[in-house]
Amino acid sequence: MFLYAITARLHIDFIGRLMASEILAIIQLSFVNISSVFKKNKALRIITYWVLVLLIAQVVSDIYNNSSVTTSLKGVSVLVFMMVSVVFFIAQLTKNKKSIFFYFFGMSVIALFLPDYPYKSISHPQFFKVSIFPIIIPLVLTASYFSYKKYHLTAYLFILITFIAFMFDSRSYGLIFLISAVILYLYEIDFRPNPKKTLLSFFILTSIFYSMYALYVHNVISGNISGPSTQQILKLDNPFNPIELLQYGRVDTFVGIKAAMDKPMMGHGYMPIDHNRHYIEIKEEMLRKSINQQSALIPVHSVIIGAWVYAGIIGLVAIISIYSYLIILFYQIYLSRSFDRYMPILIFSVVMMTWNMLFSPYGHLRTTIPIIIALLLALSQQKENSNFS
């Protein structure tokens, strides 16, 4: 797991990017009884079924839209190597759940020595977001393992990181940590949802979240918080409307929805080109500024919407089925209280997966999501085995 993590950012150009970590996973799986892994894990078989549906729908869409063979193979590789990583992680976690901490440590090491965007100056507005948070998040999750039965301490830590994230212009990390803290607190008090409790909790939490958002906007307008992301606030007609900010900050997701609705049944094929700048112009209209791109891909910044754009309605059904099933597994684990020590990690991971499904590029199916799927599937398998025994 450690070797996988530290080689995750090393790649060769082969049908897109072939990660060194994926090569290691393939080599490792050659010593694993893969059929046994599938036989023992019903959840893995269900996920694999829907990934195959998504893959077939994507290929059919490519054929329908006359996508190039190279582009189509790149799309196939995303889903194939996603499953390679998922099976590899499950094989490791089934043997020893604690191996995930070797993965976390490796992620911190590689983020420290080979950051995605090596901003060397602490004064750079993106320094903390892309250079520091990828280092500290795996360490925080590792530390959360030791907060057994004291989840409020981890929740407080998550809230502290939330404020730090917003102060350093990293809204997405801040929101993920904040939601994770709330769910973790609910887990500590053994919150069991029912219609009355859910409605009351929704009202209270919505009020708290909006109050914090309003405080954030006030500090941006006052100049206390600055950075590239905060400039978006200043361009809004009503900065106190979070929906307007979401549409502006994640504009590619909403442009992707428009693209999907233009070809809702068959989709556009994998990574389609916006030849006449139609969707770029829609993006320019939403951002109220020009974009210097003559020919570019149709903007899609969402795994779920990406599946719809790339694979049509069947692809959309497949990805929603995958996500819904994973949420059901999480809810079952949440209610069982079988893995208390891993709950902070699991909660944060599921919240991050949700964010990526909604607002991150399709490629996250290959990079960040496999470890989360594997953790859910491995814990679910162990829970089922415990119930059976």
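Tell me, yes or no, whether region 108-118 has at least one residue that is at pLDDT below 85, farther than 18 Å from LEU346 by Cα, surrounded by 21 or more Cβ atoms within 10 Å (Cβ to Cβ) and touching a Pro at 6+ places or on another chain (Cβ under 7 Å).
For region 108-118, residues at pLDDT below 85, farther than 18 Å from LEU346 by Cα, surrounded by 21 or more Cβ atoms within 10 Å (Cβ to Cβ) and touching a Pro at 6+ places or on another chain (Cβ under 7 Å): present.
Please find, within region 338-389, the residue that is farthest from the chain's Cα centre (by Cα) out of those that are among the β-branched types (Val, Ile, Thr) and not in a helix (DSSP H, G or I). Steps first, answer last, please.
Residues of region 338-389 that are among the β-branched types (Val, Ile, Thr), as a first pass: 345, 347, 350-351, 354, 367-369, 371-373.
Restricting the remaining residues to those that are not in a helix (DSSP H, G or I) gives 367-368.
Details: THR367: 9, THR368: 6 Å.
By that ranking, first place goes to THR367.
Is it the case, given these coordinates, that ILE298 is within 22 Å of VAL59 (Cβ to Cβ), surrounded by 15 or more Cβ atoms within 10 Å (Cβ to Cβ) and touching a Pro at 6+ places or on another chain (Cβ under 6 Å)?
yes
Do the conditions hold for ILE179, that is, is it surrounded by 13 or more Cβ atoms within 10 Å (Cβ to Cβ), β-branched (Val, Ile, Thr) and outside any helix (DSSP H, G or I)?
When the stated conditions are applied, ILE179 does not pass them.
Determine whether region 161-174 contains at least one residue that is out of contact with any Cys (no Cβ under 7 Å at 6 or more places or on another chain), surrounded by fewer than 20 Cβ atoms within 10 Å (Cβ to Cβ), at pLDDT 85 or above and of a type in the set (Val, Ile, Thr).
yes
Inside region 194-214, can you point out the residues that are closer than 21 Å to PHE168 by Cα, surrounded by 11 or more Cβ atoms within 10 Å (Cβ to Cβ) and over 25 Å from the mean Cα position of the chain (by Cα)?
Once the filter is applied, which keeps residues that are closer than 21 Å to PHE168 by Cα, surrounded by 11 or more Cβ atoms within 10 Å (Cβ to Cβ) and over 25 Å from the mean Cα position of the chain (by Cα), region 194-214 yields only ALA214.
List pairs: first residue in region 298-309 and without any contact (Cβ under 8 Å) to a residue 12 or more places away in the chain, second residue crowded, with 24+ Cβ neighbours inside 10 Å anywhere in the structure, Cβ distance under 8 angstrom, at least six positions apart or on different chains.
Between residues of region 298-309 that are without any contact (Cβ under 8 Å) to a residue 12 or more places away in the chain and residues that are crowded, with 24+ Cβ neighbours inside 10 Å, there is no close pair.
Would you pick out the residues in region 54-75 that are modelled with pLDDT of 95 or more and within 21 Å of the chain's Cα centre (by Cα)?
Those that are modelled with pLDDT of 95 or more and within 21 Å of the chain's Cα centre (by Cα): LEU54, LEU55, GLN58.
Do you know which of the residues in region 56-98 that are of a type in the set (D, E, K, R) and either touching a Leu at 6+ places or on another chain (Cβ under 9 Å) or in a helix (DSSP H, G or I) (or both) is surrounded by the most Cβ atoms within 10 Å (Cβ to Cβ)?
By that ranking, first place goes to ASP62.
Okay, residues lined up against (1) out of contact with any Ser or Thr (no Cβ under 6 Å at 6 or more places or on another chain); (2) at positive phi; (3) surrounded by fewer than 18 Cβ atoms within 10 Å (Cβ to Cβ); (4) not charged (D, E, K, R):
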site: ARG250; (1), (2), (3), (4): yes, no, yes, no
site: GLY269; (1), (2), (3), (4): no, yes, no, yes
site: SER290; (1), (2), (3), (4): yes, no, yes, yes
site: ALA307; (1), (2), (3), (4): yes, no, no, yes
site: SER324; (1), (2), (3), (4): yes, no, yes, yes
site: ARG337; (1), (2), (3), (4): yes, yes, yes, no
site: ILE347; (1), (2), (3), (4): no, no, no, yes
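Please determine whether any residue of region 295-303 is among the small types (Gly, Ala, Ser), part of a helix (DSSP H, G or I) and under 27 Å from PRO134 (Cα atoms). Explain how you work it out, then say what you get.
The initial filter retains those residues of region 295-303 that are among the small types (Gly, Ala, Ser), namely 295-296, 302.
Now narrow it down to the ones that are part of a helix (DSSP H, G or I): none.
No: zero hits.
Tell me which of these ILE328 doesn't satisfy, since it passes every other one: (1) outside any loop (DSSP other than H, G, I, E, B); (2) in contact with a helix residue (DSSP H, G or I) (Cβ under 7 Å, 6 or more places away or on another chain).
Condition (2) is where ILE328 drops out.
The values are calculated or read from the model by the stated rules, or taken from the named source; none is laboratory data. Keep in mind that what you see is a predicted model, and the values were worked out from it rather than measured. So basically every Cβ, Gly included, is an ideal-geometry build from the backbone, and we count neighbours across all protein chains shown.
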